[in-house]
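Structure record follows, encoded as structure tokens.
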Amino acid sequence: SLLYWMVGFRATVDAFIIYFLYFVTFNMLMLQLFNIFVALAPNKSLLTAACTFTIFFNTLFCGFIITPDVIPVYWKWLYWALPSSWVYRGLVINQFTETDLIRNGFVVDGVPFSKLWIGYGFAYVIGAFVLATIAAATCLQLRLEEPQKSAPGMQDDEKDDAKEDNQDANDQALTAFTPVDLSFQELCYEVKASKGSEKLRLLKSVSGIFRSGRMCALMGESGAGKTTLMDVIALRKGSALSFRDNVGITGDILLNGFPQEKISFKRCSGYVEQFDVQSAELTVKETIRFSAQLRLDRENPIHGSPDGLEKHIDQIIETLGLTREADFLVGSDEASGLTFEQKKRLSIAVELAASPSLVFLDEPTSGLDARAALLVVNALRKMADQGRTIVATIHQPSSTVFDMFDDLLLLKKGGEVVYHGELGVCSSTLISYFEGLGATPICLGENPSTWMLNQLNKKAITNAEGETESIDFAKAWKKSENFQSLEEELDELVAGRDEKLHIKSDKTFAQPWHKRDKLMIRRALKIYWRSPGYNLSRMTMTIAIAVLLGSIFIPIRAEKVFSETQMNSMFGAVYIAFIIIGQLSITSIIPVTISIRDMYYRHEAAGMLSSRSVIAGLLAAEIPFIAVISLAFPVIFVSLIGLPNYDSDSDFLRGFGVYLFFGLNTAIYSYIGQTFCFLVPGQGTAIVLANIFIGLNNAYSGFIASPALLTKNFFFAVQYWFVPGHYVYEGMLTSLFDLDDSRSVVVSQSSALYDQLDCVADTSGSCTVTVSKYFSVSFDEMWSLESFGFNIGMLLVWSICVRILGSIALKCLKYSGK
């Protein structure tokens, strides 16, 4: 409504109501059409391509870009089939006179469309809406009824599973690692409250020891601080980046009695997140190999033999029970791939590839059934039996899973320790401790972990005399003999520390920068190559759009004289080409980049990669596809629409100019899409920014509003000179039409450009001017081939600035949630 009155359309009630109703019905129709694609598309990239192609067709053949009288007979059916043409025709008839309709080609059998076509438009759109709604519901129902695909390996018989799951747990690691006893004393963690200046203490004087060769479970009530404690110890809290300089964290953390060092700790530890992500386009073995190549030192013994690394990887795959799935793609939720449980084991394997001394896991059994949880914990048991320190937060484990842990650190709300020490056989030590405090005796067959948490909720217990008294389990722990023994053990670790067990590492990364870049580039190329939904759809659409746009002008490609509508349609075809390919590039690259970005956060936290390697990988992977796309379009499009009879060198330079501008446009759209992904937390926000960028290019490129009109107002002028679409559109049009004096355009007296062209009317009342002059006047004599170098320079500046901004954003901004 606001646009209607700002533009200055007819100020009558009936005209406004028609305008409003057309927009409402058309939006409802397009929503249902997109719902059909949502139901049918196998992934987001193909969904984006389908929606973009639909928008392209509706924009191209609605009558605005290519006027109705220019559309060739073999594409005329699209003009009558697409809903946008009915809507646009009705809106034009609603606002303009018959003379305007004739001048812009809105005629049928030589007669301008009448007011009756407004009603026909409503009837068509409403009918199409009903059919689209039925089709969307039907497609969604069919999609829901499709049988679910079985995950790899799930159809193998249970005997093979049992054999694999019960293999020898005492496999010796091929790579050497230093066993680590991790101790922490009086550890406190404070954060600023969301309101006011107060601070909240999330951990209160937590002390404990995680010993090598043992599995320790971190448990407690919801909000007790289990994950917070593990994240603080593992240097995963955002505020812990400066660690000892951060006043929010106090206390001591020691490795084999020596103070924790950030670089050394990253190099000797692994961390498995609760909802860990891996690249869907890589196989299980490739994913593990990438981690091993980046995290194992060049001095590591596995590099001593040619096949040492592969043996190391194969043993990890065997240890984690992933032998059958080794060559399967990881997959995603949208497509077939590994099951949730198999992905959990893969995440553990990725960390084990670095041969860590310690492994932290955030709720490794959450979301798994009993069998899957047992498989995961079995894998952890094997790792602990190799001498590694395993620490895992765990929620509501079964009795079988709970009994596989050696130790327990139990917290209550407020981040206070309630119990820390051995569990004992069938949790006997834990049970004896709580029953000694007066807790309700455990029932036969009751899950010890559930019983334990239930006791924490009690405010009072029954003492030995049968009297009820209140109890604070945290205070009881501080007074217990177990706590005193723990204090003595902590002192002994410091006093008896062995310099041979001091883990030191001066290098931030295990591999030099050139190897990191090489591995990341190879990985990115592989991901791109295996993402047909992204790249194949882009390439296919580019070729299809070039053929489609070029085919519109085949009937007139050899003509020497054009009508105004034919010439304006050529301008429009160039405009829609770079806009729609740019839109496809920016929207389809966002899901791919978000996935790579999230993987980078994980790799950076593990000390595998720097942001520069990721930028290099994305740049190297994107350039070949941009080059192919940019070459395919001008070769096809320019060949079909034809060029005037320049000399061969001029023809080549003009075609090269189209290629250069189209390529820079595709690159900028792709790079700005990647930059948006680095600047904001989520995909939805990145898409919103992308749509704003697309809208600015649409409005200020010089096609919808002329350059002279845009530069009259300072606000509009700034955007006109800022957006890259202006330089792309000017560059492509000048390459094609400037200095074209061998072809001409017939201009009628009713043309808005008649006076500006200094026309001298012939006997028919029309005049003829060269294509070059018509092009120049159409764009207010502000565009010419002389600006070729300036336009290229501005686009190169845009490309470089976007890459720099993206690099800075990826390096400085983190949205990992830690």
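The values are calculated or read from the model by the stated rules, or taken from the named source; none is laboratory data. Just so we're clear, the structure is a prediction, and the values are computed from it rather than from any experiment. Using ideal geometry, Cβ is built from the backbone for each residue, glycine included, and neighbour counts are taken over all protein chains shown. Note: accessible area is taken over every heavy atom of the protein model, side chains too, but ligands, DNA and RNA are not part of it. Shrake-Rupley method; radii C 1.70, N 1.55, O 1.52, S 1.80 Å.
Checking each residue in segment 432-455 for being touching a residue at least 12 places away in the same chain (Cβ under 8 Å) and either touching a helix residue (DSSP H, G or I) at 6+ places or on another chain (Cβ under 6 Å) or in a loop (DSSP other than H, G, I, E, B) (or both) picks out PHE434, LEU437, GLY438, ALA439, THR440, ASN447, PRO448, SER449, GLN455. Within the group ALA558, ALA573, ALA524, ALA546, which residue is within 30 Å of TYR754 (Cα to Cα), out of contact with any Ser or Thr (no Cβ under 6 Å at 6 or more places or on another chain) and open to solvent by less than 10 Å² (accessible area, probe 1.4 Å)? It is ALA573. Cβ-Cβ contacts under 8 Å between residues 6 or more apart (or on different chains), taken from a first residue in segment 628-654 that is outside any helix (DSSP H, G or I) to a second residue that is at pLDDT below 65 and surrounded by fewer than 19 Cβ atoms within 10 Å (Cβ to Cβ), are listed as LEU643/ASP651. If you go through segment 83-107 and pick out every residue that is assigned to a helix (DSSP H, G or I) and either free of Cβ contacts under 8 Å to residues at least 12 places away in the same chain or in contact with a strand residue (DSSP E or B) (Cβ under 9 Å, 6 or more places away or on another chain) (or both), you end up with 7. Filtering segment 169-201 to residues that are over 30 Å from ARG381 (Cβ atoms), of a type in the set (A, V, I, L, M, F, W, C) and modelled with pLDDT under 90 leaves VAL191, ALA193, LEU200. Selection of first residues in segment 56-82 that are without any contact (Cβ under 8 Å) to a residue 12 or more places away in the chain and over 20 Å from ILE694 (Cβ atoms) and of second residues that are open to solvent by 60 Å² or more (accessible area, probe 1.4 Å) and in a loop (DSSP other than H, G, I, E, B), restricted to Cβ pairs under 7 Å at least 6 apart or on distinct chains, gives an empty result.
Does GLN315 fit the bill of being touching an Asp or Glu at 6+ places or on another chain (Cβ under 7 Å), open to solvent by 20 Å² or more (accessible area, probe 1.4 Å) and in contact (Cβ under 8 Å) with a residue 60 or more places away in the chain? Quick ask: steps written out before the conclusion?
Working: touching an Asp or Glu at 6+ places or on another chain (Cβ under 7 Å): yes; open to solvent by 20 Å² or more (accessible area, probe 1.4 Å): yes; in contact (Cβ under 8 Å) with a residue 60 or more places away in the chain: yes.
Answer is yes for this residue.
Taken over segment 545-560, residues that are at pLDDT 90 or above and over 44 Å from the mean Cα position of the chain (by Cα) amount to 0.
Screening the candidates SER750, SER776, SER784 for the property of being in contact with a Ser or Thr (Cβ under 8 Å, 6 or more places away or on another chain), exposed (fewer than 14 other Cβ atoms within 10 Å of the Cβ) and not aromatic (Phe, Trp, Tyr) yields one hit, SER750.
The single residue among GLU310, GLU299, GLU351, GLU341 that is part of a helix (DSSP H, G or I) and open to solvent by 30 Å² or more (accessible area, probe 1.4 Å) turns out to be GLU310. The residues of segment 586-608 that are farther than 18 Å from THR675 by Cβ and small (Gly, Ala, Ser), listed by number, are ALA605, ALA606, GLY607.
For segment 355-390, a residue qualifies if it is under 31 Å from the mean Cα position of the chain (by Cα) and under 22 Å from SER183 (Cα atoms), and the qualifying residues are SER355, PRO356, LEU358, VAL359, PHE360, LEU361, ASP362, GLU363, LEU380.
Go through segment 798-818 and give me each residue that's farther than 24 Å from LEU736 by Cβ, among the hydrophobic types (A, V, I, L, M, F, W, C) and part of a helix (DSSP H, G or I). Reasoning before the result, please.
Initially, segment 798-818 is screened for residues farther than 24 Å from LEU736 by Cβ, giving 800-818.
Narrowing further to those that are among the hydrophobic types (A, V, I, L, M, F, W, C): 800-802, 804-805, 808-810, 812-813.
Passing the criteria: ILE800, CYS801, VAL802, ILE804, LEU805, ILE808, ALA809, LEU810, CYS812.
Go through segment 753-773 and report how many residues are small (Gly, Ala, Ser) and open to solvent by 60 Å² or more (accessible area, probe 1.4 Å). Selection size over segment 753-773: 1. All of LEU805, LEU739 fail the test of being in contact (Cβ under 8 Å) with a residue 12 or more places away in the chain, open to solvent by 60 Å² or more (accessible area, probe 1.4 Å) and either more than 30 Å from ASP276 (Cα to Cα) or among the acidic types (Asp, Glu) (or both), apart from LEU739. Only one entry in ILE623, ILE615 is crowded, with 19+ Cβ neighbours inside 10 Å and of a type in the set (Val, Ile, Thr), namely ILE615. The lone criterion from (1) buried (at least 16 other Cβ atoms within 10 Å of the Cβ); (2) in a loop (DSSP other than H, G, I, E, B) left unmet by ALA292 is number (2).
Rundown of residues vs (1) part of a loop (DSSP other than H, G, I, E, B); (2) within 22 Å of ARG538 (Cβ to Cβ); (3) at pLDDT below 85; (4) touching a Gly at 6+ places or on another chain (Cβ under 7 Å), yes/no style:
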site: TYR22; (1), (2), (3), (4): no, no, no, yes
site: MET28; (1), (2), (3), (4): no, no, no, no
site: LEU31; (1), (2), (3), (4): no, no, no, no
site: PHE37; (1), (2), (3), (4): no, yes, no, no
site: THR48; (1), (2), (3), (4): no, yes, yes, no
site: PHE53; (1), (2), (3), (4): no, yes, yes, no
site: PHE57; (1), (2), (3), (4): no, yes, no, no
site: PHE64; (1), (2), (3), (4): yes, no, no, no
site: ASP69; (1), (2), (3), (4): yes, no, no, yes
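Taking every residue in segment 180-206 that is touching a residue at least 24 places away in the same chain (Cβ under 8 Å) and in a loop (DSSP other than H, G, I, E, B) and pairing it with any residue that is of a type in the set (S, T, N, Q) and open to solvent by 20 Å² or more (accessible area, probe 1.4 Å), at least 6 positions away or on another chain, the pairs with Cβ-Cβ distances below 8 Å are VAL180/SER212; ASP181/SER212. Applying the condition of being open to solvent by less than 20 Å² (accessible area, probe 1.4 Å) and hydroxyl-bearing (Ser, Thr, Tyr) to segment 407-433 and asking which residue is modelled with the highest pLDDT yields TYR419. Scoring TYR74 on the criteria (1) in a helix (DSSP H, G or I); (2) more than 21 Å from THR133 (Cβ to Cβ); (3) open to solvent by less than 60 Å² (accessible area, probe 1.4 Å); (4) hydroxyl-bearing (Ser, Thr, Tyr) leaves a single failure, condition (3).
Name the residues in segment 493-519 that are closer than 16 Å to SER212 by Cα and among the acidic types (Asp, Glu), would you? Residue satisfying the conditions is ASP498 alone. Go through (1) touching a residue at least 24 places away in the same chain (Cβ under 8 Å); (2) open to solvent by 30 Å² or more (accessible area, probe 1.4 Å); (3) among the charged types (D, E, K, R) one by one and return the number of the condition ARG371 breaks. Looking at each condition in turn, ARG371 falls short on (1).
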